[in-house]
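Here the structure is laid out as structure tokens; the discussion comes afterwards.
The values are calculated or read from the model by the stated rules, or taken from the named source; none is laboratory data. Since the model is a prediction, treat every value here as computed from it, not as a measurement. In this analysis, Cβ positions are derived from the backbone assuming ideal geometry, glycine residues included, and neighbour counts consider all displayed protein chains. We work out accessible area using only protein heavy atoms, side chains counted, and drop any ligands, DNA or RNA first. Shrake-Rupley method; radii C 1.70, N 1.55, O 1.52, S 1.80 Å.
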Amino acid sequence: MKKENMPAEGNKPAATTAEMVKAASNAATDLEGLFLDSLKDIYWAENALLKALPKMMANATAPSLASAIKDHLMVTQVQIGRLEKVFGLIGEKADGKKCEAMAGLIKEGDEILEETTPGPVRDAGIIAASQKIEHYEIATYGTLCAFAKALGHNDAAMLLTQTLAEEKEADMLLSDVALNAINAAASGNETATKEANRGKLKMER
């Protein structure tokens, strides 16, 4: 059946003037510039995350979740140092540029804490917020790896690949925590809730 009101192949409407975005005065003009801009973006993001993770860890009830966040806090410190090496390898100073995406994700995480009561439901919310962050980082580092390889920055690509692998591992760990404990507790499993609270008390002693 022929579809009505559909543009014929090859006759797609061109972009209108309103859709065209004017480039900023400091806009990247080549892939090298875009690579550097993206590095500055994720460098800011990692440093912002370093400040946000302790708050998430303090609000986690399940020991497995608190432990996962604590481990990723240490990994994030290593990743920041690795990014500084990448900057050095391409002859640039390590500098951050505000990452609006990470700023928004961290803000959403804070809102989740405010909108949930302490315990398994808040833990589930923390995992949800954390995995959104991990997925953003996985996408970012995957792109940076591709850029670095295309530009011939092979040593930088190796360092970025290490971080990409760590972000994927962190995401898988969070999924395991959710499947094994948090989701069951959040759905009303009183036993899981009590065990999580007992574990939290042990960690605080």
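The table that follows gives values for the structure above.
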| read-out | value |
| --- | --- |
| Protection proxy ranking of 130-138, 106-114, 61-69 - average other beta-carbon atoms within 10 Å, highest first | 61-69, 130-138, 106-114 |
| Inter-site label distance for GLU114 and ASP71 at 7 Å from Cα along Cβ, in nm | 3.2 |
| Debye intensity ratio in log₁₀ form over the Cα atoms of the stretch 32-78, taken at each q of 0.19, 0.29, 0.32 Å⁻¹ | -0.62, -0.98, -1.07 |
| Integer Hz, Karplus 6.51/-1.76/1.60 couplings in order for the stretch 103-108, x for Gly and Pro | 4, x, 5, 5, 4, 4 |
| Linear extension gain, VAL78 paired with ASN154, 0.36 nm per residue minus alpha-carbon span | 25.4 nm |
| Out-of-range pairs (alpha-carbon distance over 24 Å; input LYS70/LYS97; LYS93/LYS132; LYS70/LYS132) | LYS70/LYS97; LYS93/LYS132 |
| Inter-label distance for ALA139 and LYS93, nm, one decimal - labels placed 7 Å from Cα along Cα-to-Cβ | 3.1 |
| Apportionment of accessible area to carbon and sulfur, the stretch 134-175, percent (1.4 Å) | 63 |
| Paramagnetic label zone (point 7 Å from Cα along Cα-to-C-beta, ALA146; backbone N under 16 Å) in the stretch 77-109 | none |
